Amino acid sequence: MAKKATTIAIVNQKGGTAKTTTCENLGIGLAMEGKKVLLVDVDPQGSLTISMGLQDPDQLPTTLSTLMQKAMHDQPVQPGEGVLHHAEGVDLIPANIELAGMEVALVNSMNREKMLKQVLDSAKREYDYILLDCTPSLGMLTVNALAAADTTLIPMQAQFLSAKGLEQLLQTIGKVRRQINPKLKIEGILLTMTDSRTNYGKQIDDLIRQSYGKRLKVFEQTIPRSVRAAEISAVGKSIFAHDPKGKVAEAYHSIAKEVVADAEKQLKRNAERTR
Ligand code: ADP
Ligand code: MG
């Protein structure tokens, strides 16, 4: 039977909240659960591409920018085109700096918010999950990711609150939902780089849950700070390969299971509704 991927945008316009780390490790965690997973680098900095072990993204012949360009010129994107296979069992559409030029070109194109969705249309049937690693801005590339997504996951660094930043992000998600993608959901906030051993760390955790817990799901499971996790982008492996017994591997594994459980609940709900 043809699959129908759940597309998750990993989004936060603030840099350094562990979007890329979450995209890679949640993706590989999902693959370890037996799911077929495509990761898409939607950041011109190519951080996901680099942390998947491709040291020099600018040398890649085909990237997301190539595919979006095709979509823009109304040319078909073939299934599997530009897709790379990673040793840890996930696929990747890489990106490099050309994507920045693409974002500028989008502004004047017809259907500009839906180019990424168009690129991913055929992949939807090939995968269980498609994860989009978003760039730290609320520009056209992030709007494209939100337009292509079924749900969003918001990694948030457990530090002093950037309440305004989250408000802006929620506004953008709301606007995309109203104008382009009515089914867009919010999976939840994932607290990253937490430090539950200190009182300060615990306080921050509580504060975030109190402030947002009523409106949004805040994953019970958090991602602890660890030196081993900070090393992985340089070694080009996931946390499961680099530090399989560590607490960060355990945390991402648990988040992957929760995401699968949520997606299956959602599918069941949809099936009941259409019966
Ligand atoms: P973003 O994509 O949101 O900019 P990254 O995933 O690149 O964030 O992470 C930002 C920085 O934090 C990187 O240097 C990364 O190695 C580090 N980092 C991410 N997760 C952890 C963690 N659990 N513990 C320690 N460092 C982390
Ligand atoms: Mg990133």
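Cβ crowding within 10 Å ranks 37, 83, 235 as 235, 83, 37, fewest other Cβ atoms first.
Going by the alpha-carbon gyration tensor, a ≥ b ≥ c the square roots of its eigenvalues, is the chain rounded (a/c under 1.5) or, if a/c is not under 1.5, prolate (a/b greater than b/c) versus oblate?
Working: a/c = 1.41, a/b = 1.27, b/c = 1.12.
It is rounded, given that a/c, with a ≥ b ≥ c, falls under 1.5.
Classify segment 150-275 as rounded, prolate or oblate from the Cα gyration tensor: take a ≥ b ≥ c as the square roots of its eigenvalues, call it rounded if a/c is under 1.5, otherwise prolate when a/b beats b/c and oblate if not. Don't skip to the answer; put the middle values down first.
Details: a/c = 1.95, a/b = 1.35, b/c = 1.45.
Judged from the Cα gyration tensor, segment 150-275 comes out oblate (a/c at least 1.5, b/c at or above a/b).
If I take every Cα pair under 8 Å that is 6 or more residues apart in segment 30-144, average their sequence separation and divide by the length, what percent do I get for the relative contact order?
Numbers: 174 pairs, mean separation 47.2, N = 115.
In percent, rounded to a whole number, it is 41.
Largest GNM mean-square fluctuation among 142, 192, 172, using the chain with Cα springs under 10 Å: 172. The alpha-carbon of residue 36 sits under 21 angstrom from the alpha-carbons of these lysines, leaving out residues fewer than 8 places away in its chain: 3, 4, 19, 117, 124, 237, 257, 265, 268. Computed on segment 1-154, the Cα convex hull volume stands at 99 Å³ per residue. Within the chain, DSSP assigns beta bridges of which about 5% are antiparallel (rounded to the nearest 5). The ranking of 72, 193 from fewest to most other beta carbons within 10 Å of each one's beta carbon is 72, 193.
Longer than 32 Å from Cα to Cα, which of 70/175; 217/245; 70/214; 14/245; 35/217 are they? Say none if no pair is.
Working: 70/175 27 Å; 217/245 27 Å; 70/214 43 Å; 14/245 30 Å; 35/217 24 Å.
Over 32 Å Cα-Cα: 70/214.
None of the figures in this text is laboratory data; all of them are computed from the coordinates on show. All of these numbers come straight from a predicted model, not from anything done at the bench. Backbone-built Cβ (ideal geometry, glycine too); neighbour counts: all protein chains shown.
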